[in-house]
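Q: Once you've had a glance at the structure underneath, I'll fire off some questions.
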Amino acid sequence: RSFHVTGVQTCALPIFEVEALNGEPGIYSARYVREGATDEENMTKLLLNMEHHNNRKAHFCCAMVYIKDAEDSNPIIVERRWEGELLREPIGTNGFGYDPIFYLHDYSCSSAQLEPETKNKISHRGQALNDLLIELLSIE
């Protein structure tokens, strides 16, 4: 149905999930406070909701779908996660959304401190796009 509505053959759904909050903000990541909320407002609400939680595990998730045509009954679907932990305050100025409060142990920094090229390679979106491209290139 979405192919008929949008005419687009691919779509992506990125979300941010926090373990201690049972997956919040989840599909409401961009509008956690309300529709049209700023990144800062969403981060502030999330940090307030996490004040009394020691479990800081969180992840970004991106699902990408390729639909060959409107009748495609076998779309290509990839989902990738980017694991990390929530910081208690924002650090860094690169990126957007929850990047300043998403800490990456392997890089010893927030995702907002990464260079854009690095983030694009290792993020949930980068991983999903790379894997979707591999799947598309394998189609005969």
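Q: What whole-number value in Å² describes the accessible area per residue of the chain for a 1.4 Å probe?
A: Using a 1.4 Å probe on heavy atoms only, each residue of the chain averages 63 Å².
Q: For the chain, what does the relative contact order come out to in percent, with C-alpha contacts under 8 Å and a separation of six or more?
A: Numbers: 240 pairs, mean separation 29.9, N = 140.
Computed value for the chain: 21 percent relative contact order.
Q: At 222 nm, what value in deg cm²/dmol follows for the chain if DSSP H runs of at least 4 each add -39500 (n - 2.57) and the sum is divided by all its residues, to the nearest 500?
A: The helix-only estimate for the chain comes to -7500 deg cm²/dmol at 222 nm.
Q: Would you please give the FRET efficiency between Ala30 and Ala63, computed as 1/(1 + (r/R0)^6) with r the Cβ-Cβ distance and R0 = 22 Å, to the nearest 0.05?
A: Plugging the Cβ-Cβ distance into 1/(1 + (r/R0)^6) gives 0.90.
Q: Angle between the Cα long axis of helix 124-137 and the longest principal axis of the chain, 0 to 90 degrees, nearest 10?
A: Helix 124-137 and the main axis of the chain meet at about 10 degrees.
Q: Also, I was wondering about something else. Can you compute the modelled spin-label distance between Tyr107 and Ile77, with each label point 7 Å from Cα toward Cβ, in nm?
A: 2.9
Q: Solvent-accessible area of Ser73, probe 1.4 Å, all protein chains present, reported in Å² to the nearest ten, please.
A: Solvent-accessible area, nearest 10 Å²: 110 Å².
Q: Per the 1.4 Å probe, what fraction of the accessible area of the chain, in percent, lies on carbon and sulfur atoms?
A: On the way: 4460 of 8850 Å².
The computed percentage sits at 50.
Q: One quarter of the convex hull surface, Cα atoms only: what value does that give for the chain in nm²?
A: 9.7
Q: With a 1.4 Å probe and all protein chains in place, put Val65, Val18, Val33 in order of accessible area, largest first.
A: Listed by decreasing accessible area, they come as Val33, Val65, Val18.
Q: Compute the convex hull volume of the Cα atoms of segment 69-127, divide it by the residue count, and report the result per residue in Å³ as a whole number. Please list the in-between numbers first.
A: Numbers: hull volume 6.4 nm³, N = 59.
Dividing the Cα hull volume of segment 69-127 by its residues yields 109 Å³.
Q: Taking 0.36 nm per residue of separation and subtracting the Cα-Cα distance, what length does fully extending Ser138 through Lys45 add? Don't jump to the answer; show the numbers that get you there.
A: Values: separation 93, 0.36 × 93 = 33.48 nm, distance 4.31 nm.
So the chain would gain 29.2 nm between Ser138 and Lys45.
The values are calculated or read from the model by the stated rules, or taken from the named source; none is laboratory data. Keep in mind the model is a prediction, meaning the values are calculated, not measured. No Cβ is skipped: glycine too gets one built from the backbone with ideal geometry, and neighbour counts run over all protein chains shown. Just the protein is used for accessible areas: all its heavy atoms, side chains included, with ligands, DNA and RNA removed. Shrake-Rupley method; radii C 1.70, N 1.55, O 1.52, S 1.80 Å.
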